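The values are calculated or read from the model by the stated rules, or taken from the named source; none is laboratory data. Computed from a predicted model, the values in this text were never measured in an experiment. Positions of Cβ are backbone-derived with ideal geometry, glycine not excepted, and every protein chain shown enters the neighbour counts. Ligands, DNA and RNA are stripped out before the accessible areas are found, and what is left, the full protein with its side chains, is counted by its heavy atoms. Shrake-Rupley method; radii C 1.70, N 1.55, O 1.52, S 1.80 Å.
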Amino acid sequence: APVVSPGGDRVAYLSTVKDGPAQAYVVPLASGRARRVTRLPHGASALAWAPGGDALVVLAGDARSPWLVGERRSATPTARVLRRIGWREDGVGLLLHPAHLHVVPLDGGRPRRLTAGPWSAARPALSADGRHVLFLADLRDDADLWPLPQVHRVPLAGGEPEQVSHVPGGVDRFAVQADGSIQCVGQLAAAFRDHHPSRVLALAPDGAPLDVAPALDRWAGVSGTDTDLHDWLTDRRDAQDVWNVADRGRVIPHR
């Protein structure tokens, strides 16, 4: 998951350490000598650069799980308490440690937590002005029954998360434009089904969705390996204005 620094002189990326969880590294492009910058108990799963290039925003699993009994007293929990149906995910395994945002200084300082709670954040990205971290999450108590992730933001300096998008069927992925606006892939209908194509949406200032391609009746996204739907959808990190559309076994870019 390589991410180039704002100044273009370094690359942050994830790598496993001696068969352990993935950790964050930073390597200067000039020297090629990598430096490990995180030692998180459950590793890191996503990265974003802070605007000044002096810190990383890292998505990492909590050290302790709210669903493991006895974890604090011994290395091996005595029981797992499952009160939600979203306790595991195909290809990932057990979801026992909520994933949250942390700011990791590159000068060796301690990581600073940005979010917390019995829910998980995903897909961190910086706002255009660099003052907020945007992420996907569903903070509702019954999110496990019918997940509807929305774009949220939290101040980079710290504060409470605020919901940014209000898309009836939830948001699958999003991208921040240079002017601060947000485009995303999501569902306009709250009661959508798996066979309903996702839509390319622009968010109004109040978070309401606008379908930018109403005539499109195909699956939209960017080609990759993010789902089991034959590599149809993935993150938009490298395609701010180009969407790929799946049609008759092909993936074709559209603008």
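Assorted remarks:
- Scanning the range 102-119 for residues that are surrounded by 14 or more Cβ atoms within 10 Å (Cβ to Cβ) and either basic (Lys, Arg) or not in a loop (DSSP other than H, G, I, E, B) (or both) returns His102, Val103, Val104, Pro105, Arg112.
- Search result, residues across the range 198-245 that are of a type in the set (S, T, N, Q), at pLDDT below 75 and crowded, with 16+ Cβ neighbours inside 10 Å: Ser223, Thr234, Asn244
- Count of the range 120-133 residues, restricted to those that are open to solvent by less than 40 Å² (accessible area, probe 1.4 Å) and under 18 Å from Gly158 (Cβ atoms), is 8.
- Criterion: among the acidic types (Asp, Glu) and in contact with a Pro (Cβ under 9 Å, 6 or more places away or on another chain) - qualifying residue of Asp138, Asp144, Asp107, Asp90: Asp138
- Contact map, the range 75-87: first residue at positive phi and touching a residue at least 12 places away in the same chain (Cβ under 8 Å), second residue in a loop (DSSP other than H, G, I, E, B) and open to solvent by less than 80 Å² (accessible area, probe 1.4 Å), Cβ cut-off under 6 Å, separation 6 or more or different chains; the map is empty.
- Taken over the range 89-115, residues that are aliphatic (A, V, I, L, M), touching a residue at least 40 places away in the same chain (Cβ under 8 Å) and under 15 Å from Ala60 (Cβ atoms) amount to 5.
- Condition met for Val69 (at pLDDT 95 or above, of a type in the set (Val, Ile, Thr) and open to solvent by less than 90 Å² (accessible area, probe 1.4 Å)): no
- Residue match in the range 91-99 (condition: β-branched (Val, Ile, Thr), surrounded by 13 or more Cβ atoms within 10 Å (Cβ to Cβ) and under 23 Å from Ala121 (Cα atoms)): no
- Residue among Leu156, Leu126, Leu139 that is of a type in the set (A, V, I, L, M), closer than 26 Å to Arg83 by Cα and in contact (Cβ under 8 Å) with a residue 12 or more places away in the chain: Leu139
- Within the range 101-113, at least one residue is modelled with pLDDT of 90 or more, out of contact with any Phe, Trp or Tyr (no Cβ under 8 Å at 6 or more places or on another chain) and closer than 24 Å to Ala178 by Cβ.
- Here Gln163 passes the criteria (1) farther than 29 Å from Val104 by Cα; (2) modelled with pLDDT of 95 or more; (3) of a type in the set (S, T, N, Q) except the one numbered (1).
- Candidates Gly32, Gly53, Gly43: the one that is out of contact with any Lys or Arg (no Cβ under 6 Å at 6 or more places or on another chain), surrounded by fewer than 12 Cβ atoms within 10 Å (Cβ to Cβ) and not aromatic (Phe, Trp, Tyr) is Gly32.
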